[in-house]
Amino acid sequence: MGSAAPAGKPLELIRPMLATPGTPPQGEGWAAEFKWDGYRGVAHCEGRCVRVFSRNDLDFIARFPELNILPELLHHRTAVLDGEIVALDEKGRPNFELLQQRTKAGAGVRELRRTRPRIAYFVFDLLHLDGRSLIDTPYDVRRALLVQLELPGDHAVQVPPTFMDTDPADVLHVASQYGFEGIVSKRVKSRYEPGRRSPSWVKTPFRYTQEVVIGGWRAGQGNRAGRIGSLLLGAHDEQGRLVYVGHVGTGFGRDALADLQRRLERQERPTSPFDVEVPREHARDARWVEPVVVGEVEFRQWTVDGRLRHPSWRGLRLDRDPSSVVARPVNGELSD
């Protein structure tokens with residue numbers, strides 16, 4: 001396993017490389033991995049210290065204390081790992097709804113004891129090891145070095161498989177059988193491109209999702225009278241304007257809805273936060289809020305006028321900065 005590296009200058013923050021949407025590439029020179037339904041996290045480990053950063057530089061370690069085991073597993077070596085934080089159901093499958101139990105305010109060790117979805121960190125890349133940057137090292141070499149770390153798979157940190165030169169149709173079939181989110185194809189000789197959406201990684205989902213900024217809500221009827229009936233959703237266009245992309249009124253659990261109501265009531269404002277006019281039938285009786293709460297919806301496709309068709313609420317994304325939420329009216333686009 002090797003020994004701990006001597007202390008040097010602190011590790012620089014490495015932002016995750018992102019995939020482009022598309023069909024799986026054909027031919028040799030590609031590897032395929034399962035796409036996990038969770039939060040992307042880059043772990044910076046130095047000696048006995050570990051920090052796990054989201055795409056917008058939020059440190060996850062307090063929210064997911066299970067990951068404090070990383071320094072011990074690495075024998076206190078210096079390393080930067082890339083992976084996905086997921087919550088596993090009773091069958092061992094990633095479940096985004098369970099992960100939402102850890103995104104409540106004040107989550108941590110006490111919250112962990114009250115609600116116990118099993119948390120796992122699926123590590124799929126190695127970016128730095130013992131003072132040596134691996135950014136320019138080919139993907140297949142990085143994966144081989146990751147395997148050599150011999151991280152055991154019976155705890156919160158696991159190394160999922162990669163399928164080199166395998167027909168992507170076979171990997172897609174397995175992913176669908178196990179209820180995974182899809183697959184990611186990676187060029188085996190590609191370098192790691194921090195913070196960039198690269199054609200060297202291609203994601204192929206089974207369903208489409210979109211991050212959204214909540215700009216307001218309308219009260220419901222019946223058993224939702226006086227409470228949230230639907231949310232008014234926005235995202236930023238190419239000019240940076242917050243544009244209206246539709247409304248969603250399905251997919252809410254009772255506890256999640258109550259938590260969301262409390263959050264939004266603290267953010268109320270008298271006027272619309274959108275930079276373009278919201279259709280009158282959707283703006284009528286709306287209660288506007290500051291555009292600071294980010295969520296995620298699942299949907300069928302984009303309409304020609306830039307609206308989400310048949311969206312369903314998936315949950316909050318407290319790991320996202322509202323300014324980073326961009327409207328991507330391209331069928332097949334999936335958030336990372």
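Just so you know, all these numbers are worked out from the coordinates, no wet-lab data involved. Note that the structure is a prediction, hence the values are computed from the model and not measured. All Cβ positions, glycine included, derive from the backbone under ideal geometry; neighbour counts span all protein chains shown.
Some points to look at:
- The chain: angle of helix 168-177 to the longest principal axis, Cα-based, in degrees nearest 10: 60 degrees
- Between Arg309 and Arg48, the FRET efficiency from the beta-carbon distance, with R0 = 41 Å, is close to 0.25.
- Nearest 10 degrees, 0 to 90: helix 139-148 Cα axis against the chain principal axis: 70 degrees
- Potential lengthening of the chain between Ser323 and Asp57 amounts to 94.4 nm, from the contour at 0.36 nm per residue minus the alpha-carbon distance.
- Distance histogram for the chain (every C-alpha pair counted, 20 angstrom bins, percent rounded to whole numbers): 30, 56, 14, 0
- The label-point distance for His75 and Gln177, in a model that sets each label 7 Å from Cα toward Cβ, rounds to 3.7 nm.
- Between the helical axis of 254-265 and the longest alpha-carbon principal axis of the chain there is an angle of about 70 degrees.
- All Cα-Cα separations within the stretch 18-205 were binned at 10 Å from zero, giving a P(r) of 9, 37, 37, 16, 1, each value a whole percent of the pairs.
- Net charge of the neighbourhood of Glu290, taken over other residues with C-beta under 11 Å away and scored Lys/Arg +1, Asp/Glu -1, is +2.
- Gyration tensor verdict on the stretch 208-324 (Cα atoms; rounded if a/c is under 1.5, prolate if a/b is larger than b/c, oblate otherwise): rounded
- Cβ-defined net charge surrounding Ile135, 13 Å radius [Lys, Arg +1; Asp, Glu -1]: 0
- Shown here for the stretch 67-106: trypsin sites (Lys or Arg not before Pro) in loop regions (DSSP other than H, G, I, E, B) with at most 12 other Cβ atoms within 10 Å, namely Lys91.
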